[in-house]
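Structure first, commentary second.
The values are calculated or read from the model by the stated rules, or taken from the named source; none is laboratory data. Being a predicted model, the structure only gives us computed values, none of them experimental. Here the Cβ is made from the backbone with ideal geometry for all residues, glycine too, and neighbour counts use every protein chain on show.
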Amino acid sequence: MELVDAPHSKCGTFGFVGSSPTAPICLMNTYQRLPLKLVRGKGCWVWDQEGNKYLDAIAGIATCSLGHSHRKLFKVLNKQLRKIQHVSNLFLIPEQEDLAQWLVDKSCADSVFFCNSGAEANEAAIKLARKFAHIKKGIENPIILSAKSSFHGRTLAALSATGQKKYHKNFEPLVPGFEFFSFNSLKSFQALQGKLEKDLSRISAVLIEPIQGEGGIFPGDKAFFHFLRDFCTKHKILLIFDEVQSGMGRTGKLWAHEHLQVEPDAFTLAKGLGGGHAIGALLVKECANLFEPGDHASTFGGNPFACKAALTVAKEIESKNLLKNITSRGEQIRQGLENIANDYSNHFNEVRGIGLMQGLVIKEESFLSSQDITKQALKEGLLIVGAGPKVIRIVPPLIIKKKEVNQLIFRLDKSIKSLI
Ligand SMILES: Cc1ncc(COP(=O)(O)O)c(C=O)c1O
């Protein structure tokens, strides 16, 4: 591995050229970064320091809902900065109330708690599930059921709820009280019930993504989710959906659980909610509205700036009829990916996903990996990201246009062709 001078002289150390090429060592080595510095963006396009242009089908990993440098977002936030940026939750915050009202009006929820990220929203949900168990069910040591191959975040409880061992390694002991079943598998769920036997009464919640993102873009099965709803209702267990990646329109409906026609008792949001600004939320129905003053809090959660960003995203989704765009562009992407899967059928299995959350699945036996394709796509001016080693994830801004989707498919096809 070759050592080069770090670009930021104050760091005074070295960057690496090779497998992890760019970051100076004054940054902790927590990300495998691509060798690219993005310095500007407009709509679905971003530019690097050298002026090279890329079509952004990552969008901050399903986060920049309105793309980059969105005019309305810029205008509204500029005004908000001049007005007021941060106020403690010790006071009433009108922007927070407006956003909560919009979320409640548009969902099955009755109230909202705001935080700053997906992991935090899930932490709040986990605490809520525990309080529900203590207060409503008299359970001292509750259990939350979660799915294998799920992803719920990197804070310790969210990590413990995440059903992928690779994320747990070296961080044990995990937070106790989580048990796992295979996603969409009734058989596995029943086997877990059998395993829990006497402890069945300890179950306080089922926490699940309606469409798994990081785990490989797996849409939930309608029958399985209906079973979960009935099971939870029957046993007075909270059904909590993690919509951190799938929520706020990404799948062509505001909430991915609408596709499943199953209502949760609570659900979490982050990523696309603020269109690139840090905000997360836990939304609950009245039956789960158990937090009281002192139970939970966040210094930055629900600040006027972040709430105004989310309100702008919300209003753009409505006024620009973005759900319709997401559905049609999603179908266009799906068709394009299916053509690729057919053209290179030795390498690809299938296409999975809903709306603008699509995955192209690489065959296990293919020598291709999502990382190979991602790197090659960079050379073709396309930003894509893996969802695990064998799935290419396509999660562009919700404003993506027909012509841009054509470009996306063309560039992806070219990248794959040059690798095989
Ligand atoms: C479904 C889901 N939940 C939670 C998280 C964690 O969100 P954050 O990175 O904002 O903490 C993610 C992030 O990828 C996610 O996809």
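Listed values, structure above:
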item: Tally, over segment 284-296, of residues that are without any contact (Cβ under 8 Å) to a residue 60 or more places away in the chain and assigned to a helix (DSSP H, G or I); result: 1
item: Failed item in (1) more than 16 Å from the ligand (Cβ to nearest atom); (2) in a loop (DSSP other than H, G, I, E, B), with Ile135 passing the rest; result: (2)
item: Single unsatisfied condition, Pro173 versus (1) away from the ligand (no atom under 16 Å from the Cβ); (2) touching a residue at least 12 places away in the same chain (Cβ under 8 Å); result: (2)
item: Flag for Glu120 being farther than 24 Å from Lys253 by Cβ, within 16 Å of the ligand (Cβ to nearest atom), in contact (Cβ under 8 Å) with a residue 24 or more places away in the chain and not assigned by TED's automatic domain parsing to the domain that holds Phe348; result: yes
item: The one condition in (1) away from the ligand (no atom under 12 Å from the Cβ); (2) small (Gly, Ala, Ser); (3) touching a residue at least 40 places away in the same chain (Cβ under 8 Å) that Ala281 fails to fulfil; result: (1)
item: Leading residue by the ranking (surrounded by the most Cβ atoms within 10 Å (Cβ to Cβ)) among those in segment 20-70 that are out of contact with any helix residue (DSSP H, G or I) (no Cβ under 7 Å at 6 or more places or on another chain) and of a type in the set (S, T, N, Q); result: Thr22
item: In segment 256-278, residue nearest to Trp102 (Cα to Cα) [restricted to those that are in a helix (DSSP H, G or I) and within 12 Å of the ligand (Cβ to nearest atom)]; result: Leu273
item: Those residues of segment 297-317 which are more than 22 Å from the chain's Cα centre (by Cα) and either within 16 Å of the ligand (Cβ to nearest atom) or part of a helix (DSSP H, G or I) (or both), in sequence order; result: Pro304
item: Long-range neighbours under 6 Å by Cβ, at least six apart or interchain, first residue under 21 Å from Gln245 (Cα atoms) and in contact (Cβ under 8 Å) with a residue 40 or more places away in the chain within segment 386-410, second assigned to a strand (DSSP E or B) and basic (Lys, Arg); result: Ala387/Arg393
item: Qualifying residues in segment 191-232 (those that are part of a helix (DSSP H, G or I) and either among the aromatic types (Phe, Trp, Tyr) or in contact with a helix residue (DSSP H, G or I) (Cβ under 6 Å, 6 or more places away or on another chain) (or both)) - the one nearest to the ligand (Cβ to nearest atom); result: Phe225
item: Residues that are of a type in the set (D, E, K, R) and more than 16 Å from Gly60 (Cα to Cα), drawn from segment 373-396; result: Lys375, Lys379, Glu380, Lys390
